[in-house]
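Here's the structure, in structure tokens; my notes come after.
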Amino acid sequence: LPGAPAAIKCARCTRSIGPGDVYLEAMNQLWHPQCLTCAACNKPLPEGAFIMDEQSQKPFCNPCFIHHHAERCGVCAKPLTGQCLTTFHWGDKYCVEHEQMEKCYCCGRPVCNTLTGGGVRYRDGRLVCNICMTQASPVDDQ
């Protein structure tokens, strides 16, 4: 019939969404529930709950978003999902569980292989990371 509304179609599979069919509305489109899936794991997004990656404009389930897009700890590389610590001057972020790690005498960063390339302890007790080694002023170490 002229003027009749066009059939409503799923944004992914393009099959019709008929009267009484269950559907989701997300990203200004309509979807069959099984067709709205995570961009990483392809599992359906329950009840249309997802996190949109702003750069790719793709939907992710929460675990996949954390795995693929969360900032990482500078010490252990785990995703930073809760509270984290940040070095004041340098902006390095790391897990709260690393708060007790020994810090570089010069820059205050936690001394570890991943963040500072390790470090050296001088006889006077100073621990200096490898980033700061060229700037450190060693005391007579003999």
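Scoring PRO63 on the criteria (1) open to solvent by 60 Å² or more (accessible area, probe 1.4 Å); (2) not in a helix (DSSP H, G or I) leaves a single failure, condition (2). Among the residues of region 66-76, just one is without any contact (Cβ under 8 Å) to a residue 24 or more places away in the chain, assigned to a loop (DSSP other than H, G, I, E, B) and of a type in the set (A, V, I, L, M), namely ALA70. Scanning region 17-53 for residues that are part of a strand (DSSP E or B) and loosely packed, with under 12 Cβ neighbours inside 10 Å yields a count of 1. Of everything listed in (1) over 30 Å from THR114 (Cβ atoms); (2) under 15 Å from the mean Cα position of the chain (by Cα), the single unmet condition for LYS43 is (2). Here's a check for you: in region 93-133, which residue that is part of a loop (DSSP other than H, G, I, E, B) and among the aromatic types (Phe, Trp, Tyr) is farthest from LEU80 (Cα to Cα)? Per the stated criteria, the residue is TYR122.
Does region 71-123 hold any residues that are acidic (Asp, Glu) and open to solvent by less than 50 Å² (accessible area, probe 1.4 Å), and which are they? Correct list: ASP92 only.
The values are calculated or read from the model by the stated rules, or taken from the named source; none is laboratory data. The structure presented is a predicted model; accordingly, all values stated were derived computationally and were not measured. For neighbour counting, all protein chains shown are included, and Cβ atoms are generated from backbone atoms with ideal geometry for every residue, glycine included. When the accessible area is computed, the model is the full protein with side chains, heavy atoms only, and any ligands, DNA or RNA have been set aside. Shrake-Rupley method; radii C 1.70, N 1.55, O 1.52, S 1.80 Å.
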